[in-house]
Amino acid sequence: MGYRFLPRLLAHVLAVGALGLWAGLASAQPTPSEKARVAEMAGAISELMSSLEQRAADYPAFLDQLEQGLVDIEQADAKVAELIDQLRMATEQMQDGSEFDTAIDDYKQQTTALIAEAEASNNKIIKAEVPNLQGVLEGLNSDDEARARTVIEARNLIRTLEENREAIAFFIKADSVQRAAELIRANVVDFSEIIDAGKDVASRLLDETAP
């Protein structure tokens, strides 16, 4: 019997027990305390049913999470390789002679030419822009130097990652295992709590229907 039929089966079992409880009260008008006891039992049954229905609804997503964890473990080595490849590509896009580096050089040349033009101009408005353009040129030079330094750091990082491929993949796998263990533990605890609640309901039914 599939998991999805459990709530329906339990409802049938509990309904049969509840009928026994009402049978004991059918011979006389129920007292307020008996009514309260029946209402309490019905509430406990309803809560148990709701818990089981919610668990049944959540179960597919839970299995999907466990499956994804196994996929992550299986693909850990490929993810590390992809990480290194993407970092290498980004570094190549920033290195000397790249299109980005060439663009920086072009803008430095354009800025230098504008500074010379402004300094030679008789227009006070244009000449007043010399300090601003000099600041722009200094910024471009500073950024170009930072680019070159960062490329060196990136190459060192790539080398380190290459040398530690196995360790990086290991930690990805270990993280997936830990996450799955937490999900499994939470699921087991939830199931145990539902069963404990069901045992309590069953115990009450037995007490009420006992001769």
Short version: ³J(HN,Hα) in whole Hz for each residue of segment 37-47, in order, from phi by Karplus 6.51 cos²θ - 1.76 cosθ + 1.60 (θ = phi - 60°), x for Gly and Pro, what are they? 5, 5, 5, 5, 5, 4, x, 5, 5, 4, 5
With just the Cα atoms defining each centre, how far is segment 122-156 from segment 32-101? Give it in Å. 47 Å
Would you mind ranking 104, 195 so that the residue whose beta carbon has the fewest other beta carbons within 10 Å leads the list? 195, 104
³J(HN,Hα) computed for each position of segment 78-90 - Karplus, 6.51 cos²θ - 1.76 cosθ + 1.60, integer Hz, glycine/proline x: 5, 5, 5, 4, 5, 4, 5, 4, 5, 5, 5, 5, 4
On a straight-distance basis, which lysines could pair with residue 127 in a cross-link, Cα separation under 20 angstrom, same-chain partners fewer than 8 positions away excluded? 108
So what J values fall out for segment 59-71 if you push phi through Karplus, 6.51 cos²θ - 1.76 cosθ + 1.60 with θ = phi - 60°, rounded to Hz, Gly and Pro as x? 4, x, 5, 4, 5, 4, 5, 5, 5, 5, x, 5, 5
Using bins 5 angstrom wide from zero, how does P(r) for segment 82-163 break down, in % of all Cα pairs? 3, 15, 19, 16, 12, 10, 8, 7, 5, 3, 2, 1, 0
With 10 Å bins from 0: P(r) over segment 103-211, alpha-carbon pairs, percent: 11, 16, 12, 11, 11, 11, 9, 7, 6, 4, 1, 0
Which of 79, 108 has the fewest other C-beta atoms within 10 Å, and how do the rest follow up to the most? 79, 108
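A short reminder: the numbers here are calculations on the coordinates, not readings from a lab. Note that the structure is predicted; figures quoted are calculated from it, not measured. Using ideal geometry, Cβ is built from the backbone for each residue, glycine included, and neighbour counts are taken over all protein chains shown.
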